Amino acid sequence: MRYPFPVGKSDFIQGDEAIARAAILAGCRFYAGYPITPASEIFEAMALYMPLVDGVSIQMEDEIASIAAIIGASWAGAKAMTATSGPGFSLMQENIGYAIMTETPIVIVDVQRGGPSTGQPTLAAQGDIMQAIWGTHGDHSLIVLSPSTVQEAFDFTIRAFNLAEKYRTPVVLLTDAEIAHMRERVHIPNPDEIEIVNRKLPANEEEAKYPFGDIHGDGVPPMPVFGKGYRTYVTGLTHDERGRPKTVDAEVHERLIKRIIDKLECNKADIITYDAYELEDAEIAIVTTGIVSRSAVRAVKILRERGVKAGLLKLNTIWPFDFDMIEELAERVKKIYVPEMNLGQLYHLVKEGANGKAEVELISKIGGEVHTPMEIVERVVG
């Protein structure tokens, strides 16, 4: 098919634009959203592109309706996405829980800005990390990815769709105002060079009777499509393998929730990615994610020039979290620093993972400005 933007070449584009193009190439054909800074450019691009690829883009009355719409579209067989920022992401939390409980593959882009409340609409922050992981109530799990460049915003969007379909789960792409609005050169491959994971459908009518059953032993049930002739029960209530409500059955509830969590926990090796820089002989480790990683790379170079054996661990996947990897790192280094644009959210995960094997220190910054490399360097060298 013909795409409404260049493929097989590089282009100089914004992060939000890169996310929209990647979604199209990943097979997204339904977008529902509500305008909000600094994510509105994603909506604008999807509104432009979707009609040109036989897709649907619709403005809903608010963010609650937006995520409800993409959940419905997903059950109708479409790859679906919405995008928002912190205030809208807060409104989506109940339906994120519904999507987790009903094992609905969707992609939610949260372009973070300063908060709480209306906060700093045009400035970057990393204050939604804990909300992305634990914002909805009850025991649950989902996948959270965090890009640090415009190229990664493109690549991780495609990965988000693939993971959503592979594990029948919501995936949050947690970016920020800086990455959303900066322009960088992005390589957009030919579609036949992109790995695409499509939904596992029922092989027959018998499988379709069990849309929440672990039919193949991998924890991920085949997902029927509404309108394809199968009678399917879908509810946010605790349900059995057929989808029928079983709200007072403790055994059914435990079996369902543990499977929803284990299908991700047992596949961490496939889901979690990270980048390591100068960690082989490091005595000081910097662990960070997203936009702050860019400053941290330069900080490590400066520290090395000053004779400090520093290294960087850049987390591309925030959840599931690899606590074992952090503990192994803590056993090898003297101290871990966690720079982030909040008052300490990733820090608590890293500290838990370190398990007392190394001191963990937060390098916090809020107000909308990204850490400079020298701010990190000065905290490390004192």
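Neighbour counts of other Cβ atoms within 10 Å put MET130, MET1, MET81 in the fewest-to-most order MET1, MET130, MET81.
Note on the chain: Rg/Rh from C-alpha atoms, Kirkwood Rh, equals 0.98.
Per the helix-only calculation at 222 nm, which mean residue ellipticity applies to the chain, given -39500 (n - 2.57) for every DSSP H run of n ≥ 4 and division by its residues, nearest 500 deg cm²/dmol?
Details: 15 runs with 145 residues, N = 382.
Estimated from H runs of four or more residues: -11000 deg cm²/dmol.
Shown in residue order for segment 125-142 are the 3J(HN,Hα) couplings computed by the Karplus curve 6.51 cos²θ - 1.76 cosθ + 1.60 at θ = phi - 60°: 7, 10, x, 9, 4, 5, 5, 4, 7, 10, x, 8, 7, x, 6, 6, 8, 8 Hz (x for Gly and Pro). Applying the criteria of a DSSP loop state and at most 15 other Cβ atoms within 10 Å to the trypsin sites (Lys or Arg not before Pro) of segment 140-237 yields LYS228, ARG231.
Full-extension gain between SER117 and ARG244, please, as 0.36 nm times their residue separation minus the C-alpha to C-alpha distance. Let's see the in-between values first.
Working: separation 127, 0.36 × 127 = 45.72 nm, distance 3.83 nm.
Taking SER117 through ARG244 to full extension adds about 41.9 nm, to one decimal.
In the calculated pair-distance distribution of segment 291-378, the portion above 20 angstrom amounts to 33 percent of the Cα-Cα pairs. Please give the helix 250-265 orientation as an angle from the longest Cα principal axis of the chain, in degrees from 0 to 90, rounded to the nearest 10. Between helix and principal axis, roughly 50 degrees.
Restricting the trypsin sites (Lys or Arg not before Pro) of segment 272-344 to loop positions (DSSP other than H, G, I, E, B) with no more than 11 neighbouring Cβ atoms within 10 Å leaves ARG306.
Considering all C-alpha pairs of segment 165-281, those separated by over 23 Å amount to 50%.
For segment 1-107, the set of trypsin sites (Lys or Arg not before Pro) satisfying both a DSSP loop assignment and a count of at most 11 other C-beta atoms within 10 Å is given as ARG2.
Over segment 228-296, the ratio between the Cα radius of gyration and 2.2 N^0.38 Å evaluates to 1.91. Bridgeable lysines around LYS263 (alpha carbons under 23 Å apart, same-chain partners fewer than 8 residues away excluded): LYS79, LYS166, LYS200, LYS209, LYS246. The HN-Hα couplings worked out from phi for segment 80-93 by the Karplus form 6.51 cos²θ - 1.76 cosθ + 1.60 (θ = phi - 60°) are 9, 8, 9, 9, 7, 10, x, x, x, 4, 4, 5, 7, 4 Hz, whole numbers, x standing for Gly and Pro. In the frame of its principal axes, segment 95-253 has Cα extents of 50, 41, 26 Å, reported largest first.
The H on the amide N of VAL56, modeled in the peptide plane, is under 5 Å from the matching H of PHE30, TYR31, each at least 5 residues off or on a different chain.
Using equal-weight Cα scatterers in the Debye expression, the normalised intensity of segment 233-382 in log10 at q = 0.12, 0.18 Å⁻¹ is -0.58, -0.97.
Between the C-alpha center of segment 21-81 and that of segment 111-179 there is a gap of 16 Å.
Along each principal axis, taking the top coordinate minus the bottom one, the Cα set of segment 9-193 gives 45, 37, 27 Å in descending order.
Considering only PHE5, ASN162, ILE42, the residue lying farthest towards the positive end of the dipole of the chain is PHE5, judged by Cα position with unit charges set on Cβ. Over the C-alpha atoms of segment 155-199, the Rg to Rh ratio, Rh being the Kirkwood estimate, stands at 1.03. Here the 3J(HN,Hα) profile of segment 161-166, calculated from phi with Karplus coefficients 6.51, -1.76 and 1.60 at θ = phi - 60°, is 5, 4, 5, 4, 6, 5 Hz, Gly and Pro shown as x. Ignoring aspartates and glutamates fewer than eight residues from LYS301 along the same chain, the ones with Cα atoms less than 15 angstrom from its Cα are GLU278, GLU280, ASP281, GLU283, GLU375, GLU378. Using a simple spin-label model with points 7 Å from Cα along the Cα→Cβ vector, what separation in nm is obtained for HIS187 and GLU328? Label at HIS187, label at GLU328, 2.8 nm between them.
Here the translational diffusion coefficient of segment 53-113 follows from Stokes-Einstein with Rh set to the Kirkwood radius across Cα pairs; for 37 °C and 0.692 mPa s it amounts to 280 µm²/s. Listed by chain and number, the lysines whose alpha-carbon sits under 22 Å from that of LYS357, ignoring those within fewer than 8 places in the same chain, are LYS309, LYS314, LYS334, LYS335.
Values in this text are rule-based calculations from the coordinates and carry no lab data. Note that the structure is predicted; figures quoted are calculated from it, not measured. Using ideal geometry, Cβ is built from the backbone for each residue, glycine included, and neighbour counts are taken over all protein chains shown.
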